[in-house]
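What follows is a set of notes on a single structure, which appears directly below.
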Amino acid sequence: MDIIYLHDLKIECIIGVWEWERRIKQTIILDLDMAADIRRAAVSDKIGDTLNYKAVSKRLSDFVGNSQFQLVETLAEKIAELLLAEFKIQWVRVRVNKKGAVRGAGNVGVIIERGKA
């Protein structure tokens, strides 16, 4: 299994359970590891033969930027569903970091894996 990754993708969105969180945008940070067979692209050297991580980035920036989930767990699940359905990948690991959500902790979030590893 080959992995195409996109790490440290920062997106502003409404996320959280507290009333004050529902009124502001906060930055979440995504790390994505996506299973894709890159052999065809390696031979052809054409972007059309691989997973286009710029297209993934744009799609997620739009989706997450317009979302208003309360939980990072829900956001992670919806991101995984979107990637598996729209980008035809076999497996994905999604890490959602809500930096600064807990006083004293640098990073807080969830990591999920979906699909066939």
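No lab work stands behind these numbers, since they all come straight from the coordinates. If you're wondering where the values come from, they're calculated on a predicted model, not measured in any experiment. Counting neighbours? That spans all protein chains shown, and the Cβs are built from the backbone with ideal geometry, glycine included.
Loop-located chymotrypsin sites (Phe, Trp or Tyr not before Pro) in the stretch 13-76 (DSSP state other than H, G, I, E, B) with a sparse environment of at most 15 neighbouring Cβ atoms within 10 Å: Trp18. Comparing Ile38, Ile11, Ile29 in a Gaussian network model of the chain where C-alpha atoms under 10 Å apart are linked, the largest mean-square fluctuation is found at Ile38.
Note on the chain: helix-only mean residue ellipticity at 222 nm, from DSSP H runs of 4+ residues weighted -39500 (n - 2.57) and normalised by residue number, equals -9000 deg cm²/dmol. Loop-located GluC sites (Glu not before Pro) in the stretch 1-44 (DSSP state other than H, G, I, E, B) with a sparse environment of at most 14 neighbouring Cβ atoms within 10 Å are absent. Non-local lysine pairs in the chain, meaning eight or more places apart or on different chains, with alpha-carbon distances under 20 Å, amount to 23.
Each of the trypsin sites (Lys or Arg not before Pro) that DSSP puts in a loop and that has at most 16 other Cβ atoms within 10 Å breaks the chain; the longest unbroken stretch is 47-87.
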